[in-house]
There are 2 protein chains.
Amino acid sequence: MVAKIKLGVLSSTRGTDMQAIIDEIKAGRLDASIEVVISNRKDAYALERARRHGIEAVFIEPGDKSREEFDREVMKILKEKNIDLILLIAYMRIIGPEFVSEYKNKIMNVHPSLLPAFGGGIDKGVHRAVLNHGVKITGCTIHFVDETVDGGPIVVQKAVSIGEDETVDSLKEKVQNAEKEGIIEAIKLFQEGRLRVNGRRVRILSDENTGHSSGG
Amino acid sequence: MVAKIKLGVLSSTRGTDMQAIIDEIKAGRLDASIEVVISNRKDAYALERARRHGIEAVFIEPGDKSREEFDREVMKILKEKNIDLILLIAYMRIIGPEFVSEYKNKIMNVHPSLLPAFGGGIDKGVHRAVLNHGVKITGCTIHFVDETVDGGPIVVQKAVSIGEDETVDSLKEKVQNAEKEGIIEAIKLFQEGRLRVNGRRVRILSDENTGHSSGG
């Protein structure tokens with residue numbers, strides 16, 4: 001048995017991938033709880049989505065706060081809630097070094113491409129850039145967050161084929177489905193203690209090597 | 001019926017992918033002939049491989065020839081042989097603008113990664129770079145050659161998953177298998193007249209839209 005884990009979500013937009021986590025928990029396939037959803041945008045649908053599922057939703061006003069001040073407010077909440085793993089789902093802010101170091105290898109970001117392709121701060125227009133470049137395969141990446149933008153150690157990637165009549169919207173939908181699958185996989189690997197970060201590489205241990213018993 | 005096409009191969013090394021083309025032709029699944037294999041390296045095994053299969057093998061001494069002089073010698077041979085499609089298989093030379101323009105959208109390069117990731121002249125160490133970066137998915141790209149390095153319009157890509165105990169050698173073998181599959185696919189699409197280049201994007205027409213009759 002692996003222990004139940006407490007998740008915290010940071011999102012600036014709809015938090016669509018979060019729905020997959022909620023569904024997985026409700027279906028009894030993931031022994032976790034989303035303790036809090038935090039956003040830097042008051043009207044982010046991720047907050048509304050959280051409330052609808054009885055999850056605490058917190059808006060933090062960025063105002064003229066420095067990155068450090070903002071991050072500390074976020075961390076204060078995460079600490080209070082004893083969060084084990086933080087998920088960035090379309091979170092449109094850079095996380096400062098203090099936050100990164102405090103939660104080293106405990107923050108995962110979901111990026112809508114196969115990094116290192118189409119990374120580096122083009123989050124909003126990734127699918128457009130992918131289509132303009134004419135690639136035939138894209139996908140998604142779930143990676144630990146470090147000091148770089150989209151550069152942290154990669155936990156899970158999923159490939160997505162691009163069709164002949166693909167549009168930004170149709171591609172976004174396909175990649176989001178891959179993201180949902182990938183993020184659930186990444187959470188479970190984290191929960192089972194199967195991730196070992198070595199420099200840029202994340203080794204995934206087999207079930208037998210984790211020290212968890214798999215039975216009840 | 002599509003017409004038989006004449007292929008020319010440029011290679012600086014073993015030309016491993018060429019074997020897949022030879023095999024496909026011998027098996028009667030590809031109506032094509034490799035008319036000539038050209039190398040800038042006298043000891044390239046691609047030349048030996050060609051001779052063993054009764055294919056003309058030509059070494060062109062680079063010496064102190066300018067890129068243009070070298071390219072013209074290559075083009076002279078390709079012209080004499082009425083080559084329809086040129087394949088660069090681990091060809092370690094940049095092709096000049098005159099050559100590119102003379103054979104616009106008739107030269108394909110095989111690259112051992114999912115471009116634009118791990119492109120741009122690191123051909124020799126691509127798999128090492130991929131492993132060092134810790135990506136979980138890589139692959140291969142077959143693209144038309146333009147004036148940029150590894151930047152031309154993409155015809156076919158194939159994804160390859162990276163295992164936990166992957167080495168440069170094991171990865172190379174997996175990617176080469178994907179390359180072989182991809183290059184055969186790309187040659188057939190070219191032969192069937194199904195490729196339409198529009199800026200950076202290559203559209204692949206469905207069978208019905210090519211004007212070829214599919215019967216005998």
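The values are calculated or read from the model by the stated rules, or taken from the named source; none is laboratory data. The structure displayed is predicted, hence computed values, not measured ones. Here the Cβ positions follow ideal geometry from the backbone for every residue, glycine too, while neighbour counts run over all protein chains shown.
Quick check on this structure: which one of A:Arg93, A:Arg52, A:Arg67 is touching a helix residue (DSSP H, G or I) at 6+ places or on another chain (Cβ under 8 Å) and not acidic (Asp, Glu)? Matching residue, one of A:Arg93, A:Arg52, A:Arg67: A:Arg93. Per the listing B:Glu73, B:Glu35, the residue uniquely of a type in the set (D, E, K, R) and part of a strand (DSSP E or B) is B:Glu35. Filtering segment A:160-171 to residues that are touching a Gly at 6+ places or on another chain (Cβ under 8 Å) and surrounded by 20 or more Cβ atoms within 10 Å (Cβ to Cβ) leaves only A:Val160. Listed by position, the strands (runs of 3 or more DSSP E) inside segment A:103-216 whose residues that are at pLDDT 95 or above, in contact with a Phe, Trp or Tyr (Cβ under 9 Å, 6 or more places away or on another chain) and of a type outside the set (S, T, N, Q) number at least 2 are A:107-111, A:154-161, A:195-198. The sole residue among A:Leu47, A:Leu78 that is surrounded by 15 or more Cβ atoms within 10 Å (Cβ to Cβ) and touching an Asp or Glu at 6+ places or on another chain (Cβ under 9 Å) is A:Leu78. The single condition among (1) crowded, with 20+ Cβ neighbours inside 10 Å; (2) facing chain B (nearest Cβ under 10 Å) that A:His111 does not satisfy is (2). Applying a threshold of 6 Å to beta carbon distances and a minimum spacing of six or more residues, or different chains, the list of pairs starting in segment B:26-51 at a residue that is farther than 21 Å from B:Glu73 by Cβ and ending at one that is surrounded by 14 or more Cβ atoms within 10 Å (Cβ to Cβ) and at pLDDT 95 or above reads B:Leu30/B:Glu24; B:Ala32/B:Ile5; B:Ala32/B:Leu7; B:Ala32/B:Ile25; B:Ser33/B:Lys6.
Residues considered: B:Pro153, B:Pro116. Of these, the only one that is surrounded by 18 or more Cβ atoms within 10 Å (Cβ to Cβ) and closer than 16 Å to A:Ala159 by Cβ is B:Pro116.
Identify the residue in segment B:131-169 that is among the charged types (D, E, K, R) and in contact (Cβ under 8 Å) with a residue 12 or more places away in the chain and, among all such residues, is farthest from the other protein chains (Cβ to nearest Cβ). Checking each candidate, the answer is B:Glu147. Taking the listed residues B:Lys174, B:Lys180, the one that is surrounded by 18 or more Cβ atoms within 10 Å (Cβ to Cβ), of a type outside the set (Asp, Glu), closer than 20 Å to B:Asn132 by Cβ and more than 13 Å from every other protein chain (Cβ to nearest Cβ) is B:Lys174, with no other qualifying. So, of the residues in segment B:40-65 that are assigned to a strand (DSSP E or B) and of a type outside the set (Val, Ile, Thr), which turns out to be farthest from B:Leu10 (Cα to Cα)? Among those residues, the one meeting the criterion is B:Glu56. Which ones in segment A:91-107 are of a type outside the set (Val, Ile, Thr) and surrounded by fewer than 24 Cβ atoms within 10 Å (Cβ to Cβ)? Result: A:Met92, A:Arg93, A:Gly96, A:Pro97, A:Glu98, A:Phe99, A:Ser101, A:Glu102, A:Tyr103, A:Lys104, A:Asn105, A:Lys106.
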